[in-house]
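Just below is one structure, and these are the notes that go with it.
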Amino acid sequence: MGQEYSSSILGELLSEVSPKVSEKTRTRMLLAWRIEDAIKGKGWRKVDFARALGKRHSLVTKWLSGTYNFNIELLFDIESVLGVKLIVVEGES
């Protein structure tokens with residue numbers, strides 16, 4: 001087996017991240033993954049997706065980084081273009 005890497009600095013930094021921030025980051029990354037998966041599911045490249053939304057390819061790359069703070073209007077547009085559901089409201093069937 002390979003040697004495991006351990007960093008006390010990384011451990012210290014991660015211990016300072018609150019559970020709330022950690023959950024937000026996790027959710028953003030899952031959302032980015034879901035969007036990227038839907039893009040691939042359509043057989044598109046990022047540039048095709050950007051064109052369909054009328055956005056720059058570099059902006060789509062930023063969205064898919066998992067750190068972007070989406071607004072609701074953009075998520076609605078993405079859902080429409082990709083034909084997927086990204087927002088689920090409680091009580092919705």
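Mind checking which lysines have their Cα closer than 28 Å to the Cα of Lys40? Skip sequence neighbours fewer than 8 apart in that chain.
Lys24, Lys55, Lys62, Lys85
For the chain, give the percent of accessible area contributed by carbon and sulfur heavy atoms, probe 1.4 Å, rounded to a whole number.
Exposed carbon and sulfur together represent 53 percent of the surface.
Read phi for every residue in the stretch 20-27 and hand back ³J(HN,Hα) as whole Hz from Karplus 6.51 cos²θ - 1.76 cosθ + 1.60, θ = phi - 60°, with x for Gly and Pro.
5, 5, 4, 5, 4, 4, 4, 5
Using bins 10 angstrom wide from zero, how does P(r) for the chain break down, in % of all Cα pairs?
That works out to 14, 39, 23, 18, 6, in percent per bin.
Please sort 54-61, 17-24, 35-42 by packing, taking for each peptide the average over its residues of neighbouring beta carbons within 10 angstrom, highest first.
35-42, 54-61, 17-24
Once you place label points 7 Å from the Cα toward the Cβ at Lys62 and Glu36, how far apart are they in nm?
It is 1.8 nm.
Expressed in nm to one decimal, what extension gain is obtained for the pair Thr25 and Arg51 from 0.36 nm per residue of sequence separation less their Cα-Cα distance?
Difference between extended and current length: 6.7 nm.
The values are calculated or read from the model by the stated rules, or taken from the named source; none is laboratory data. Everything numeric in this text was worked out from a predicted model, so none of it was measured. Note: ideal-geometry Cβ built from the backbone for every residue, glycine included; neighbour counts use all protein chains shown. Remember, those area values only see protein heavy atoms, side chains included, never the ligands or the DNA or RNA. Shrake-Rupley method; radii C 1.70, N 1.55, O 1.52, S 1.80 Å.
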